[in-house]
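K.L.:
My questions all concern the structure below.
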Amino acid sequence: MVRHPPGVAEGRAGQAAPLTPSQARLLLSAEGQAAVARAHGLDLPPIAAAEAMRPLGEVGRLALEQAALRRRALAKHPDGDRLWWTAEALEQSTPRAVALHHARRFDGAPRVLDLGCSVGGDLLAFGARGIGVDLDLARCLLARANTGAPVACADVTRLKPRGWVFADPARRASGRRGFDPASWSPPLSEVLSWDVEALGVKVAPGIDYDQLPADVEVELVSLDGDVKEAMLWRGATCRGHRMTATLLPTGDQLVGAGALASVGDVGRFLLEPDGAVIRAHLVAELCDLVDGRLLDATIAYVTADSAVPTPFGRWYEVLDVLPFSLKRLRERLRGVGAVTIKKRGTAVEPEQLRRQLKLSGTGEATVVLTRARGTQIAMVVSPLAVPDPR
Ligand SMILES: C[S@@+](CC[C@H](N)C(=O)[O-])C[C@H]1O[C@@H](n2cnc3c(N)ncnc32)[C@H](O)[C@@H]1O
């Protein structure tokens with residue numbers, strides 16, 4: 001059995017009772033599978049369900065937890081209710097739509113080594129070419145059952161990987177999302193030192209891309225408008241663009257072209273870029289695409305005089321622009337009972353502002369708090385339905 005490296009607890013953080021290898025074996029046994037099927041079929045409140053499973057002892061408790069995880073897993077994986085999970089593995093797993101998108105970069109690979117495969121969220125997407133490695137034996141057992149792929153229990157920091165490699169380092173030391181790549185397991189610097197033909201590394205979207213080696217490409221991926229992660233690509237998985245923003249499920253992509261955005265007056269429309277575009281530092285490219293300009297050189301709002309259809313952001317019509325003042329805003333929102341407050345580049349707390357506005361009435365409004373050329377402004381805007389460009 002491989003020892004865990006320092007800093008990676010065998011009992012994983014964030015999980016009340018991490019699964020041990022013997023518990024994983026029990027769950028995967030015929031007895032465990034029958035218990036999970038039974039727990040899955042119970043249509044009872046939690047306490048009554050626990051009572052119903054109690055006579056089965058440990059396998060009953062594990063099965064009940066597994067059934068609950070499977071229900072939760074459906075939000076990320078279309079077949080999540082047939083896969084094996086631990087609570088933390090489910091939280092860490094790559095949503096299927098995202099995993100399938102990444103896997104396409106490995107289309108030319110004879111084999112893909114998934115180093116730190118957990119229970120197989122990404123490994124599943126590599127199909128018959130995937131080979132998994134994980135430090136946690138319980139996860140290895142579940143990954144084998146989930147994917148049918150060969151999965152080895154080993155410390156990847158002791159391997160010298162070759163060929164096409166995918167890695168998704170663990171980032172949640174002490175139950176907190178770790179933003180320091182040196183604290184990840186394996187550390188990012190170690191993953192980037194692997195001398196491999198092709199590499200894909202899943203990383204936290206907030207890392208400093210400027211610190212990355214020049215031959216690494218970065219792809220920011222959002223799913224249904226939420227930024228899920230950043231991927232680093234190197235070697236044969238590269239596509240020739242230092243920065244890419246990808247929107248899933250559509251697959252629309254915006255790539256870096258060294259654009260420089262101009263700053264100008266508030267136009268008739270305001271565009272709120274998708275988070276992947278912002279995190280990929282491609283707001284200037286988006287300005288080019290929609291013939292827009294920035295309100296402020298440091299803020300990711302785009303303004304334009306016409307609303308060119310784009311999948312890379314959401315358009316609003318600007319109804320009013322006010323200097324930021326509580327009194328002016330309160331007057332402007334007279335008769336409005338419900339307000340959506342958006343903000344960027346201001347310290348104002350939306351909830352506090354909402355209380356201070358003392359709204360009453362039946363109307364609805366959207367207010368954007370931001371800066372225009374360094375000056376605080378408030379805009380009253382209205383979401384625009386712009387036809388999809390495709
Ligand atoms: C974020 S999870 C991977 C999730 C996976 N991509 C998925 O979608 O299900 C990271 C995994 O790396 C494993 N790991 C961490 N350090 C490792 C090491 N030194 N060697 C092998 N595996 C390691 C952890 O046990 C954990 O299962």
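K.L.:
Run through all the Cα pairs of the chain and give the fraction in each 20 Å bin from 0, expressed as whole percent.
P.N.:
Reading upward from the zero bin: 24, 45, 28, 2.
K.L.:
Let me ask you something else. Under the Karplus relation 6.51 cos²θ - 1.76 cosθ + 1.60, θ = phi - 60°, what is the ordered set of whole-Hz ³J(HN,Hα) values for the stretch 37-48, x standing for Gly and Pro?
P.N.:
Result, ordered by residue: 4, 5, 4, 4, x, 6, 10, 9, x, x, 5, 5 Hz.
K.L.:
Could you tell me the relative contact order of the stretch 90-253? Use alpha-carbon pairs under 8 Å, at least six residues apart, and round to a whole percent.
P.N.:
Across the stretch 90-253, relative contact order equals 16 percent.
K.L.:
Let me understand the stretch 229-329 better: what is its radius of gyration from the alpha carbons, and its Dmax, in angstrom?
P.N.:
15.4, 58
K.L.:
Tell me, what is the Rg over Rh of the stretch 140-238, with Rh the Kirkwood radius over Cα pairs?
P.N.:
We get a ratio of 0.97 for the stretch 140-238.
K.L.:
Keeping all protein chains in place, calculate the accessible area per residue for the stretch 90-253 (probe 1.4 angstrom), answer in Å².
P.N.:
Accessible area per residue, the stretch 90-253: 39 Å².
K.L.:
Amide H to amide H under 5 Å from Lys228: which residues, 5+ apart in sequence or cross-chain, H placed 1.01 Å off N in plane?
P.N.:
Val221, Ser222, Leu223
K.L.:
Starting from the stretch 49-132, pick out the trypsin sites (Lys or Arg not before Pro) whose DSSP state is loop and whose Cβ has at most 15 other Cβ atoms within 10 Å.
P.N.:
Sparse-neighbourhood loop trypsin sites (Lys or Arg not before Pro): Arg111.
K.L.:
Just to compare against my own numbers: the Cα pair-distance distribution for the stretch 269-383, 10 Å bins, whole % per bin, please.
P.N.:
In whole percents, the pair-distance histogram is 14, 45, 30, 10, 0.
K.L.:
Keeping every protein chain in place, order Ile278, Ile299 by accessible area at 1.4 Å, biggest value first, i.e. largest first.
P.N.:
The ordering from most to least exposed comes out as Ile278, Ile299.
K.L.:
May I ask you to give the solvent-accessible area per residue for the stretch 277-386, in square angstrom, as obtained with a 1.4 angstrom probe?
P.N.:
49
K.L.:
When only Cα pairs under 8 Å and 6 or more residues apart are kept, what is the percent relative contact order across the chain?
P.N.:
9 percent.
K.L.:
Continuing with this model, one more query. Give me D for the stretch 84-199 in µm² s⁻¹, whole number, from Stokes-Einstein with Rh from the Kirkwood sum over alpha-carbon pairs, 20 °C and 1.002 mPa s.
P.N.:
152
K.L.:
Hey, which aspartates and glutamates would be in cross-link range of Lys342, C-alpha to C-alpha under 15 Å, not counting anything within fewer than 8 residues on its own chain?
P.N.:
Within the straight-line cut-off, Lys342 pairs with Glu272, Asp274, Glu317, Asp320, Glu351, Glu364.
K.L.:
How large, in percent, is the carbon and sulfur part of the accessible surface of the chain at a probe radius of 1.4 Å?
P.N.:
Within the chain, the accessible surface is 52 percent carbon and sulfur.
K.L.:
Running Debye on the stretch 21-85 with equal point scatterers at the Cα sites and no solvent, what base-10 log of I(q)/I(0) appears at q = 0.18, 0.19, 0.20, 0.27 Å⁻¹?
P.N.:
Ignoring solvent entirely, the Cα scatterers give -0.59, -0.66, -0.72, -1.17.
K.L.:
Rounded to the nearest 20 debye, what is the charge dipole size of the chain about its Cα centre when +1 sits on each Lys and Arg Cβ and -1 on each Asp and Glu Cβ?
P.N.:
I would put it at about 720 debye.
The values are calculated or read from the model by the stated rules, or taken from the named source; none is laboratory data. What you see is a predicted model, and the numbers here were worked out from it, not measured in a lab. Neighbour counts run over all protein chains shown; Cβ positions are idealised from the backbone, glycine included. Just so you know, the surface numbers come from the protein's heavy atoms only, side chains and all, with ligands and any DNA or RNA stripped out. Shrake-Rupley method; radii C 1.70, N 1.55, O 1.52, S 1.80 Å.
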